[in-house]
1. Is there any pair with a first residue in the stretch 33-47 that is closer than 23 Å to D8 by Cβ and a second that is aromatic (F, W, Y) and open to solvent by 50 Å² or more (accessible area, probe 1.4 Å) whose Cβ atoms are under 9 Å apart and which are 6 or more apart or on different chains, and what are they?
2. For the stretch 1-32, what are the residues that are open to solvent by 90 Å² or more (accessible area, probe 1.4 Å) and either in contact with a strand residue (DSSP E or B) (Cβ under 9 Å, 6 or more places away or on another chain) or closer than 18 Å to E73 by Cβ (or both)?
3. Taking the residues in the stretch 31-88 that are among the polar types (S, T, N, Q) and part of a loop (DSSP other than H, G, I, E, B) as candidates, determine which candidate is farthest from the chain's Cα centre (by Cα).
4. Spot the failing condition for D45; the list is (1) of a type outside the set (A, V, I, L, M, F, W, C); (2) at positive phi; (3) surrounded by 11 or more Cβ atoms within 10 Å (Cβ to Cβ), and only one is missed.
5. What tally of residues in the stretch 1-30 results from selecting those that are in a loop (DSSP other than H, G, I, E, B) and either under 22 Å from the mean Cα position of the chain (by Cα) or in contact (Cβ under 8 Å) with a residue 24 or more places away in the chain (or both)?
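The values are calculated or read from the model by the stated rules, or taken from the named source; none is laboratory data. For clarity, every value in this text was computed on a predicted model and none was experimentally measured. Virtual Cβ from ideal backbone geometry, glycine too; neighbours counted across all protein chains shown. Ligands, DNA and RNA are excluded from the accessible area calculation, which covers all protein heavy atoms including side chains. Shrake-Rupley method; radii C 1.70, N 1.55, O 1.52, S 1.80 Å.
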Amino acid sequence: MDTILIEDLLVRCVIGVFPEERQHKQNVIFNIALAADLQKAGQSDDLADTVDYKHLKHQIVERVETSSYQLIEKLAQEVADICLATPGVEAATVRVDKPGALNFARSVAVEIHRERRDQT
């Protein structure tokens, strides 16, 4: 499999378990690696033969901006599900960073890996 990378996608959403975290949208940063077969697109130079990552980005932003999860683990799973529903994507690794979540730490992050075959 080949890899498409979406790096440092900044989105704002309500995320967190504490009352002060639920009052205002916060920044979250996504780094996503998509496993897909890119050989045909590399030969044809046709968007129809690859993953439309611009459309995928719009789906992710729309879902995240309207979400209100408590855990970044759940947010990561939701984004992985969106990725795996995209034609051509066989696996997705999703990292979600929440800057400023801990004092004295730049960020807290989770990273998950999901494969199409894992979907039920």
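1. Listed by first residue and then by second, the contacts come to L34/Y53.
2. Those that are open to solvent by 90 Å² or more (accessible area, probe 1.4 Å) and either in contact with a strand residue (DSSP E or B) (Cβ under 9 Å, 6 or more places away or on another chain) or closer than 18 Å to E73 by Cβ (or both): M1, L5, E7, D8, L10, R12, F18, Q23, H24, K25.
3. The residue in question is T50.
4. D45 satisfies every listed condition except (3).
5. Matching residues across the stretch 1-30 total 6.
Conditions tested, residue by residue: (1) farther than 14 Å from N31 by Cα; (2) aromatic (F, W, Y); (3) out of contact with any strand residue (DSSP E or B) (no Cβ under 6 Å at 6 or more places or on another chain); (4) open to solvent by 20 Å² or more (accessible area, probe 1.4 Å).
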| site | (1), (2), (3), (4) |
| --- | --- |
| T66 | yes, no, yes, yes |
| L71 | yes, no, yes, yes |
| A76 | no, no, no, no |
| A80 | no, no, no, no |
| A85 | yes, no, yes, yes |
| R95 | no, no, no, yes |
| L102 | yes, no, no, yes |
